[in-house]
1. For the range 22-40, indicate whether the set of residues that are within 18 Å of N179 (Cβ to Cβ), touching a residue at least 60 places away in the same chain (Cβ under 8 Å), touching a strand residue (DSSP E or B) at 6+ places or on another chain (Cβ under 9 Å) and surrounded by fewer than 20 Cβ atoms within 10 Å (Cβ to Cβ) is non-empty.
2. Residue under question is G100, and the condition is that it be assigned to a loop (DSSP other than H, G, I, E, B), crowded, with 19+ Cβ neighbours inside 10 Å and touching a Gly at 6+ places or on another chain (Cβ under 6 Å); does it hold?
3. Identify, from the list F128, F124, F155, the residue that is among the hydrophobic types (A, V, I, L, M, F, W, C), surrounded by fewer than 19 Cβ atoms within 10 Å (Cβ to Cβ) and either closer than 24 Å to R92 by Cβ or out of contact with any Ser or Thr (no Cβ under 8 Å at 6 or more places or on another chain) (or both).
4. Go through the range 85-103 and count every residue that is touching a Phe, Trp or Tyr at 6+ places or on another chain (Cβ under 9 Å) and either of a type in the set (K, R) or on the phi < 0 side of the Ramachandran plot (or both).
5. Is there a residue in the range 155-169 that is over 17 Å from the mean Cα position of the chain (by Cα), of a type in the set (S, T, N, Q) and closer than 26 Å to I43 by Cβ?
6. Within the range 57-70, does at least one residue satisfy the condition of being at pLDDT below 95 and among the charged types (D, E, K, R)?
7. With the checklist (1) more than 17 Å from F2 (Cα to Cα); (2) of a type in the set (S, T, Y); (3) in contact (Cβ under 8 Å) with a residue 40 or more places away in the chain in hand, flag the one item S127 doesn't pass.
8. Of the residues that make up the range 73-89, is at least one part of a helix (DSSP H, G or I) and farther than 19 Å from G4 by Cα?
Amino acid sequence: MFTGLIEEIGVISSIQSQGKNLRITVQAQKVMDDLKIDDSVSINGVCQTVVSRTKTAFDVVAVEETLLKTTFKSFSFGYKVNLERAMRVGDRLGGHIVQGHVDCVGEVSSIEPKDGSTQIWVEFPTSFSQYVVPIGSICINGVSLTVARVDNNRFMVAIIPHTLQVTTLNLLKAGSKVNLEFDILGKYIEKMLFSHNHKNTEDSILKSWISQPDL
């Protein structure tokens, strides 16, 4: 589990094909302090397992499913990524609950500098519309953000200068692909409501069948 508060920006230093998987090496500094093999680390919002490490870098293996659902397949040498180690019990939850399980890839449609902030509009598949709520939480490339506005299958986030400085969001441009993870609380609520409504429908059908008069 993560918070969406980026610890540092890492750099991709190696990408090697392993069948349908990719072994990715990330150069980093701060996250290396106590990072161990088998630890979870968020790379651009994607939870990955550390499989090896040196003093200045760590390796992960991105499987085919990850490559299909995220922007990892577009990584190249020198590519900069947002990094966050898994949250420890007792830590402050400064962002929101982030699993590192990307729901889909979105596309930046526009970036508009404003006085004191930068507004970024992102398009996403309409099938996820129910999870995007104004003033709700969303994770973009591992960064915990607040949805400011929603327009059909687009939403806007307003980024403060500090967040632009300490994340890779400053590298985005119109057409950039981004990893999106929607608020897990909303997904659980939807599941519970669906299950409840489905159960009520089954109960109604059963009661109707039982109450039929004898022929």
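The values are calculated or read from the model by the stated rules, or taken from the named source; none is laboratory data. From a predicted model like this one, the values you see are computed outputs, not experimental measurements. Here the Cβ positions follow ideal geometry from the backbone for every residue, glycine too, while neighbour counts run over all protein chains shown.
1. Yes: one or more hits.
2. On the way: assigned to a loop (DSSP other than H, G, I, E, B): yes; crowded, with 19+ Cβ neighbours inside 10 Å: yes; touching a Gly at 6+ places or on another chain (Cβ under 6 Å): no.
Here the answer is no, as G100 does not meet what is asked.
3. Working: F124 fails: surrounded by fewer than 19 Cβ atoms within 10 Å (Cβ to Cβ); F155 fails: surrounded by fewer than 19 Cβ atoms within 10 Å (Cβ to Cβ).
After ruling out the rest, the residue left standing is F128.
4. Taking the range 85-103 first, the residues touching a Phe, Trp or Tyr at 6+ places or on another chain (Cβ under 9 Å) are 85-87, 95, 97-100, 103.
Imposing the further condition that a residue be either of a type in the set (K, R) or on the phi < 0 side of the Ramachandran plot (or both) reduces the set to 85-87, 95, 97-99, 103.
Total satisfying the criteria: 8.
5. For the range 155-169, residues over 17 Å from the mean Cα position of the chain (by Cα), of a type in the set (S, T, N, Q) and closer than 26 Å to I43 by Cβ: present.
6. Of all residues in the range 57-70, those at pLDDT below 95 come to none.
Taking every residue of the range 57-70 in turn, none turns out to be at pLDDT below 95 and among the charged types (D, E, K, R).
7. S127 satisfies every listed condition except (3).
8. Let us first name the residues in the range 73-89 that are part of a helix (DSSP H, G or I), namely 73-74.
Then keep just the ones that are farther than 19 Å from G4 by Cα; that gives 73-74.
Scanning the range 73-89, I find at least one residue that is part of a helix (DSSP H, G or I) and farther than 19 Å from G4 by Cα, so the answer is yes.
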